[in-house]
Amino acid sequence: MTGTRVMDSYLLANADSVVARARAGDETALEELYRAFEAPVYNLARRICRTTEDAEDVLQETFFEVCRSIGRYREEGSLWGWVRTIAASKALMRLRRNKYRETDELQDDVMGHRREDTALRMDLEAALERLSETARAVVWLHDVEGYTHDEIANMMGKTPSFSKSQLARAHRRLRRWLGEEVEV
Amino acid sequence: MTHLSMEALLSLREAGLEPGDAAAREHLDGCPGCRAELERLHQRVARLKALPTLRPARDRWPQVAARVRQERRARRQRAGGLIGLAAAASIALGVALGGTRGGSPAGEQEIRLAMARSQALESALNQFHPEDRVLDGRTAGIAQELEDRIARVDRELELTELLDRRPRDEQLLKLWRERVGLLDALVDVHVTHASNVGL
């Protein structure tokens, strides 16, 4: 059993037979898929999207797509990898629709270090939340989900250099907001 | 002394070596500050990975299931519509052939036989209520492909009505025979599946 299969087994017992039943249109099997992957899909969506409502919509859209396309899942990679890519694409699509946070980052660039940044010593959750949506998406997809810059660029319709620079900028901000900046 | 940029530190975490990584590694060996910075970066990423899994406050499965059912219903209606269309076309063509003057009687007879065979197969198929059956993925794929091909033949049959009499009769015969062959295969798929699952 490969590593990716282990992940599927961890999330869904008898993944192969559940997929076979889901392909045949068995609604119970489709619900089993939903229950197995609901939390990781929502978590990914919520880490990328700004609001819980957006994340729930991404969860719903992801599983509608999973139910509709399960016949096309080729079993070449892990089931979770396939579901996760659908979820990431849906979340990024939602970001493109709601571009309302990017201005905060621009403002931050213009103002340089905000006075309160050094005093805040945010916790990681708050600091992550404060990043722009694009930067947060890149951080989450690269550092947590393990996507490469090429894969992220492909999903975002940008270049790998864009993904790299977003990640570097995000880490500089996180370092500052978390109070980890050290004078050397 | 120039320290490593965040870009350079991040690049060192990637699997493949990028241009400049060798020099960055050399710098790292001699710079405790950059080593500490890289370690903080590793720790930050580890903390990101350790953040708790967030869970949805509401169950969204009912909405997903309702949409899936709605789409299935729409698909069945489309499939039913195609079969209905084919039946309507059969009747229309029957009327057209009934009014044919000067066509080859042997050709007309063959077309009528093919149409009758097609209608008989459709009746046989409807007795299996294929739209209510759960098929395995491979069978569903084959049935879908056959239904698509039948729909294409039905569209061609409609267009053939517009042709002049002689090429029309030849084309009609060819298409009706093709339709019979496809329906035959579709009935086979459903009958074989039903017998395999003991229905």
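Quick note: the coordinates plus some simple rules give every number you see, no bench work behind them. Bear in mind the structure is a predicted one, so any value in this text is a computation, not a measurement. Every residue, glycine among them, receives a Cβ derived from its backbone with ideal geometry; neighbour counts consider all protein chains shown.
What to note about this one:
- The stretch A:23-60 versus the stretch A:134-184: alpha-carbon centroid distance in Å: 24
- Cα→Cβ-extended label distance, 7 Å offset, between B:ARG112 and A:ASP150, nm: 6.7
- Potential lengthening between A:ASP26 and A:ALA13 on full extension [0.36 nm per residue; Cα-Cα distance subtracted]: 3.0 nm
- Remark: mean inter-chain Cβ contacts per residue of B:108-121 equal 0, using a 10 Å Cβ-Cβ cutoff to other protein chain atoms.
- Using R0 = 41 Å, the C-beta based FRET efficiency linking A:LEU124 and B:ARG73 works out to 0.30.
- Here the simple spin-label model places points 7 Å from the Cα toward Cβ, and for A:THR51 and B:ASP148 these points are separated by 3.9 nm.
- In terms of its C-alpha gyration tensor, the stretch A:24-72 comes out prolate, because a/c is 1.5 or above and the ratio a/b outweighs b/c.
- The simple spin-label model puts a point 7 Å past each Cα toward its Cβ; for B:HIS27 and B:LYS49 those points are separated by 2.6 nm.
- Average partner coverage of A:163-174, which counts Cβ from other chains inside 10 Å: 3
- Legend: calculated FRET efficiency, A:GLU75 to A:GLU180, from the Cβ-Cβ distance at R0 = 30 Å, rounded to 0.05, equals 0.10.
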